Amino acid sequence: MIEIIPAGYSPQKKIGKNQCSKIMTGAVMPQGADCIIIVEEVDIISENKIRFKQQTTSNNLCRKGEDVVAGEKLIPSGSRITAKEIASLALCGKVNPLVSKKPKIGIITTGDEIVEPYLTPKHSQIRNTNAYQLLFQSRQFGCDIVYYGIAADTEQSISEMIFKSKDNDLTIITGGVSMGDYDLVPSALIKCGFEILFDQVAIQPGKPTVFGRQQNKFVFGMPGNPVSSFICFELFVKEFLAIAMGLNEYVKVFKMQLAKEINRKRNNRLAWVPVKINSDNKVEPVEYHGSAHISSLSVADGITSIPIGINIIEKGSIVDVRQI
């Protein structure tokens, strides 16, 4: 053994016949060498002599450029930067990559019957689930969020909160978008200068979904039922944010076999159903009582759809499962 080569050290000696150097993981190969023998495959004879005790060995080396070569695309445009991508950027010294700004989202809940989760509801009240669900969905997608609280069921109260949220790129409002006497969100939006681009979609749950625009400010008005607002965020808000952020492939969809039949009574809308993956790696619908049954989502791994005009998806069918 003619030399010890630590990582980060340039070898000083060339390897000749019946010679070796002791080398540490990550160090540069010396001239004259073409493989590494791991220490477990040798006997130490003396301070500077070893004996190879096997018949063959792997070369145990990494070649130049086997990880990344010049001109190779590391991360496609439109990718979300996570811990996996950060390592590749660091490897190549790309310390200032071009990224999109985080969208700013304002969240408003409406309804005289709504109270915050830390309060005990009275007989006619329910706790505010939608705002905190949407806060987490927005933060998980990479946005900055401002929560404005609960607006009363008056046009003035709703309008005041909408005006407060106008500094944001997008405002999300839950409740007050259907056909009832106190569903005042659309009229409040118009009063605040928004143009309503659509106010219904042919999905279940989530039919009374409103989308509006005022110059470069946007708003989604979602149904008050919590599963509806969750589904609307997954299908519409994520799509909007992905375009705004330049994101590609922002959601994972898997083709899986259905373990149990899914059926419904009406078929005039595209239905979304929460499903879970069972022990056989197939999917089956979870217990689901409709758009107010928020706890059904806590046991679901994804959602799958039933197309318009279809009442039954048979057991054994291959379905698209959108991960949630």
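Only one residue in I5, I15, I45 is touching a strand residue (DSSP E or B) at 6+ places or on another chain (Cβ under 8 Å), aliphatic (A, V, I, L, M) and at pLDDT 95 or above, so which one is that?
Going through I5, I15, I45 in turn, the sole match is I5.
If you go through segment 245-259 one residue at a time, do you hit one that is more than 16 Å from D320 (Cβ to Cβ) and surrounded by fewer than 16 Cβ atoms within 10 Å (Cβ to Cβ)?
Within segment 245-259, one or more residues are more than 16 Å from D320 (Cβ to Cβ) and surrounded by fewer than 16 Cβ atoms within 10 Å (Cβ to Cβ).
Can you pull out every residue in segment 262-291 that is more than 24 Å from A202 (Cβ to Cβ) and in contact with a Pro (Cβ under 6 Å, 6 or more places away or on another chain)?
none
Within the set of pairs 6+ apart or on separate chains, which have a first residue in segment 198-216 that is closer than 16 Å to I308 by Cβ and touching a residue at least 12 places away in the same chain (Cβ under 8 Å), a second that is of a type in the set (G, A, S) and crowded, with 19+ Cβ neighbours inside 10 Å, and C-beta atoms under 7 Å apart?
Close Cβ pairs (under 7 Å, with a partner that is of a type in the set (G, A, S) and crowded, with 19+ Cβ neighbours inside 10 Å) amount to Q204/A271; P205/S228; P205/S291; G206/S228.
Step by step: first the residues of segment 173-190, then only those that are in contact with an Asp or Glu (Cβ under 7 Å, 6 or more places away or on another chain) and surrounded by fewer than 17 Cβ atoms within 10 Å (Cβ to Cβ), then the one that is modelled with the highest pLDDT. Which residue is that?
So, considering only residues that are in contact with an Asp or Glu (Cβ under 7 Å, 6 or more places away or on another chain) and surrounded by fewer than 17 Cβ atoms within 10 Å (Cβ to Cβ), the one modelled with the highest pLDDT is S187.
Looking at segment 61-86, I want the residues that are within 30 Å of P30 (Cβ to Cβ) and have a partner that is in a loop (DSSP other than H, G, I, E, B) with Cβ atoms under 7 Å, at least 6 apart or on another chain. Which pairs are those?
Close Cβ pairs (under 7 Å, with a partner that is in a loop (DSSP other than H, G, I, E, B)) amount to L61/M29; L61/C35; L61/I36; V68/L74; V68/C92.
In this structure, does N268 turn out to be loosely packed, with under 13 Cβ neighbours inside 10 Å and not assigned by TED's automatic domain parsing to the domain that holds N128?
yes
So how many residues does segment 156-172 have that are surrounded by fewer than 19 Cβ atoms within 10 Å (Cβ to Cβ) and out of contact with any Phe, Trp or Tyr (no Cβ under 8 Å at 6 or more places or on another chain)?
Counting residues in segment 156-172 that are surrounded by fewer than 19 Cβ atoms within 10 Å (Cβ to Cβ) and out of contact with any Phe, Trp or Tyr (no Cβ under 8 Å at 6 or more places or on another chain) gives 6.
Is it the case that some residue within segment 88-101 is surrounded by 12 or more Cβ atoms within 10 Å (Cβ to Cβ), among the aliphatic types (A, V, I, L, M), out of contact with any Gly (no Cβ under 6 Å at 6 or more places or on another chain) and over 30 Å from Y250 (Cα atoms)?
Looking for residues that are surrounded by 12 or more Cβ atoms within 10 Å (Cβ to Cβ), among the aliphatic types (A, V, I, L, M), out of contact with any Gly (no Cβ under 6 Å at 6 or more places or on another chain) and over 30 Å from Y250 (Cα atoms), one finds none in segment 88-101, hence no.
Pull up segment 31-75, narrow it to residues that are within 41 Å of the chain's Cα centre (by Cα) and of a type in the set (D, E, K, R), then point me to the one that is nearest to L91 (Cα to Cα).
D67
Could you list, in sequence order, the residues of segment 296-324 that are assigned to a loop (DSSP other than H, G, I, E, B), modelled with pLDDT of 95 or more and closer than 15 Å to P205 by Cβ?
If the condition is that a residue be assigned to a loop (DSSP other than H, G, I, E, B), modelled with pLDDT of 95 or more and closer than 15 Å to P205 by Cβ, then A300, I308 are the ones that fit.
Take I75 and tell me if it is surrounded by 11 or more Cβ atoms within 10 Å (Cβ to Cβ), touching a strand residue (DSSP E or B) at 6+ places or on another chain (Cβ under 8 Å) and either modelled with pLDDT of 95 or more or β-branched (V, I, T) (or both).
No, not satisfied.
Return a yes/no flag: does segment 33-52 have any residue that is on the phi > 0 side of the Ramachandran plot and not aromatic (F, W, Y).
No, segment 33-52 contains no residue that is on the phi > 0 side of the Ramachandran plot and not aromatic (F, W, Y).
What is the one condition in (1) modelled with pLDDT of 95 or more; (2) outside any loop (DSSP other than H, G, I, E, B); (3) over 18 Å from F230 (Cα atoms); (4) not β-branched (V, I, T) that K166 does not satisfy?
In the conditions (1) modelled with pLDDT of 95 or more; (2) outside any loop (DSSP other than H, G, I, E, B); (3) over 18 Å from F230 (Cα atoms); (4) not β-branched (V, I, T), K166 misses (1) alone.
The values are calculated or read from the model by the stated rules, or taken from the named source; none is laboratory data. Not measured: the values here are computed from a predicted model. Glycine also receives a Cβ, built like all others from the backbone with ideal geometry; neighbour counts cover every protein chain displayed.
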